[in-house]
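J.: My structure is below; once you've seen it, I'll send some questions.
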Amino acid sequence: MTVTYTVHCQCHATSLALTGEPKVRGICHCEDCRELLQVPFHAVTAWESDQVTVQDESDVLETFAHPSKNMKRIFCRRCGETLYNTNAMDWRVVSQWLIRKCHDDLLPEALKPRSHFFYARRVMDIDDSLPKRD
Ligand SMILES: [Zn+2]
Ligand SMILES: [Zn+2]
């Protein structure tokens with residue numbers, strides 16, 4: 001059975017359908033995520049591009065392409081919320097926090113993080129029981 005999760009931006013102008021199993025679910029501590037999103041770490045679900053479908057009003061989506069990194073941030077022009085970002089592999093990366101917010105503040109079990117990665121590059125220590133990979 002294929003599962004679909006729906007997330008929407010803060011103003012509800014646009015939404016994404018996420019289909020199937022994410023390729024990666026974890027917490028990334030790399031500097032690229034920090035620089036693109038201004039967060040100390042990025043709690044992610046990463047999907048193949050064809051697993052992420054924009055629903056309604058795709059014209060409100062704006063793309064910011066980072067000038068030197070091979071990454072993009074896709075956000076709603078009306079409310080400014082980032083719906084997803086892309087990485088060098090052109091995966092679509094959706095924040096676990098956005099998914100959580102759109103599911104009554106509960107992250108679906110199948111999307112919970114399995115590990116930390118690029119942990120050696122961190123700017124914050126995380127005290128949890130997940131495996132920590134460099
Ligand atoms: Zn919006
Ligand atoms: Zn990262």
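J.: Compute, for region 4-121, the length of the dipole vector about the Cα centre, with Cβ point charges of +1 (Lys, Arg) and -1 (Asp, Glu) only. Units Debye, rounded to 20. Write out the running numbers ahead of the final one.
T.: Numbers: 14 positive and 15 negative charges, 80 e Å.
Roughly 380 debye, rounded to the nearest 20.
J.: Next up: Looking only at Cβ-Cβ distances, which cysteines of the chain have no other cysteine closer than 4.7 Å?
T.: So far as the 4.7 Å Cβ criterion goes, Cys28, Cys30, Cys33, Cys102 stand without a partner in the chain.
J.: Rg and Dmax of the chain over Cα atoms: what are they, in angstrom?
T.: Just the Cα atoms of the chain yield Rg and Dmax of 14.4, 41 Å.
J.: A follow-up question, please. Points 7 angstrom from Cα along the Cβ direction at Leu130 and Lys101: gap in nanometres?
T.: In this crude label model, Leu130 to Lys101 measures out at 1.8 nm.
J.: Each residue of region 26-40 in turn: what ³J(HN,Hα) in whole Hz from Karplus with 6.51, -1.76, 1.60 and θ = phi - 60°, glycine and Pro shown as x?
T.: Working through the residues one at a time gives x, 10, 9, 10, 7, 6, 4, 4, 4, 6, 6, 10, 6, 10, x Hz.
J.: May I ask you to rank Thr14, Thr63 by accessible area, largest first, using a 1.4 Å probe over the protein chains only?
T.: So the residues, ranked largest to smallest area, are Thr63, Thr14.
J.: Could you tell me the relative contact order of region 76-134? Use alpha-carbon pairs under 8 Å, at least six residues apart, and round to a whole percent.
T.: Values: 44 pairs, mean separation 12.2, N = 59.
Worked out over region 76-134, it gives 21 percent.
J.: May I ask you to give the solvent-accessible area per residue for the chain, in square angstrom, as obtained with a 1.4 angstrom probe? Walk me through the numbers before you get to the answer.
T.: Working: 7460 Å² over 134 residues.
Heavy-atom accessible area per residue stands at 56 Å².
J.: When only the heavy atoms of the protein chains count and the probe is 1.4 Å, how do Trp97, Trp47, Trp91 rank by accessible area, highest first?
T.: Ranked from most to least accessible, the order is Trp97, Trp91, Trp47.
J.: Find how much the distance from Arg78 to Ala110 grows on full extension, using 0.36 nm per residue of separation minus their present alpha carbon separation; answer in nm with one decimal. Working shown, then result.
T.: Values: separation 32, 0.36 × 32 = 11.52 nm, distance 3.06 nm.
Full-extension gain reported as 8.5 nm.
J.: Find how much the distance from Glu48 to Met1 grows on full extension, using 0.36 nm per residue of separation minus their present alpha carbon separation; answer in nm with one decimal. Display every interim value, and only then the final one.
T.: On the way: separation 47, 0.36 × 47 = 16.92 nm, distance 1.81 nm.
Fully extending the segment from Glu48 to Met1 adds 15.1 nm.
J.: Ranked by accessible surface with a 1.4 Å probe, highest first, in what order do Arg121, Arg25 come?
T.: Details: Arg121 100, Arg25 40 Å².
The ranking, largest first, comes out as Arg121, Arg25.
J.: To the nearest 20 Debye, how big is the dipole of region 39-96 about its Cα centre, given +1 on the beta carbon of each Lys and Arg and -1 on that of each Asp and Glu? Write down the numbers at each step before the final one.
T.: On the way: 6 positive and 8 negative charges, 64 e Å.
Computed charge dipole of region 39-96: roughly 300 debye.
J.: If you don't mind, another one. What accessible area, in Å² to the nearest ten, does a 1.4 Å probe give for His8?
T.: About 60 Å², ignoring ligands and nucleic acids.
J.: Net charge within 11 Å of Asp59 by Cβ-Cβ distance, Lys/Arg positive one each and Asp/Glu negative one each, not counting Asp59 itself? Let's see the in-between values first.
T.: Details: positive: Arg77, Arg78; negative: Asp56, Glu57, Glu62.
The answer is -1.
J.: Keeping all protein chains in position, work out how much accessible area Phe117 exposes to a 1.4 Å probe, and write it in Å² to the nearest 10.
T.: It works out to around 50 Å².
J.: Give me the percent of the accessible area of region 4-121 that comes from carbon and sulfur atoms, probe 1.4 Å, all protein chains in place.
T.: Details: 2870 of 5900 Å².
C and S atoms contribute 49 percent here.
J.: I would also like to ask the following. Sequence-distant or interchain residues sharing an amide H contact under 5 Å with Lys69, placed H: which?
T.: Here the answer is none, since no amide H 5 or more places off falls under 5 Å of that of Lys69.
J.: Counting only residues 5 or more places away or on other chains, whose amide H sits under 5 Å from the amide H of Lys132 once H atoms are built in the peptide plane?
T.: For Lys132, whose amide H was placed from the backbone, the distant partners under 5 Å are His116.
The values are calculated or read from the model by the stated rules, or taken from the named source; none is laboratory data. Quantities reported herein were computed from a predicted structural model and do not represent experimental measurements. Cβ sites come from the backbone with ideal geometry, for glycine too, and all protein chains shown count toward neighbours. What goes into the accessible areas is simple: the full protein's heavy atoms, side chains included, and nothing from ligands, DNA or RNA. Shrake-Rupley method; radii C 1.70, N 1.55, O 1.52, S 1.80 Å.
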